[in-house]
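See below for the structure under consideration.
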Amino acid sequence: MAFTVPTFNLLCNIWTAGMGPPAAPRLANVACNLAWGRRVQTLTVGSGFVPMVLLLPAGTDVRFSRNATGPDTIECPAGTGRYYTVLAVDDLGKGFPNEHRGAAIEAITTFGLWPTPIP
């Protein structure tokens, strides 16, 4: 069976590094897929949350930087108040019809505690 492009069944909001709510996102309602499974490492980082992978359409402008600008902030699903910081970004299936982008993300509580269950 050939590998196919993931289904982008959720929407997310993306803020430029150093920004976040209540400012308007740089990109709003971006199609995405929030994955937790084989693509994710099993160790914890920083906050103690297990990193997740946000799958996005090819060419989506999501950024990670170790310099002064820092990583983007993502709210996924859009409008839920669940925020993540970007740990890494790379292209998956580059040069093939199934190309898409993956961002390793980590939960943050910078903008308040996570609502549970997901609204």
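FYI, it's all coordinate maths here, none of it is from the lab. Bear in mind the structure is a predicted one, so any value in this text is a computation, not a measurement. FYI the Cβ positions are ideal-geometry reconstructions off the backbone, even for glycines, and counts take in every protein chain you see.
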(request) Provide Trp36, Trp15 in ascending order of the number of other Cβ atoms located within 10 Å of each residue's Cβ, fewest first. (result) Trp36, Trp15
(request) Give me the distance in nm between label points sitting 7 Å out from Cα along the Cα-to-Cβ direction at Asp90 and Arg63, one decimal. (result) 2.2
(message) I need Asp90, Asp72 ordered by Cβ neighbour count within 10 Å, fewest first.
(response) Asp90, Asp72
(request) List Cys76, Cys32 from most exposed to least, where exposure is judged by having the fewest other Cβ atoms within 10 Å. (result) Cys76, Cys32
